[in-house]
Amino acid sequence: MRERPLHEKITDLASVLMALTYAGGGIYLISSSLSFSLMPVGSVTRYAFAGILILYGLLRGFRIWKKWRD
């Protein structure tokens, strides 16, 4: 097994951080009453956007996990 180059390690770390950011942002949007006045509290749009953020974060996390596994 070869050692991966530094630029690949940095890219992987950035991908993990972004996956956590997207998923955490979606969870925060659902659990918070603050939405920076962009979406009303309890609106379908807000929860749909939060769900999309969570799913996208999980997808990114799965892709990086699959890359590390190989």
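The numbers here are math on the coordinates, done by the rules we state, and not lab data. All values reported here derive from a predicted model rather than from experimental measurement. When we count neighbours, we look across all protein chains shown, and the Cβ atoms used for this are built from the backbone with ideal geometry, even at glycine.
List of remarks:
- Rounded to whole Å, the principal axis extents of the Cα atoms in the chain read 51, 18, 14, largest first.
- Other residues with beta-carbon under 13 Å from the beta-carbon of I52 carry, at +1 per Lys or Arg and -1 per Asp or Glu, a net charge of +2.
- Using alpha-carbon coordinates, inclination of helix 6-31 to the longest axis of the chain, degrees: 20
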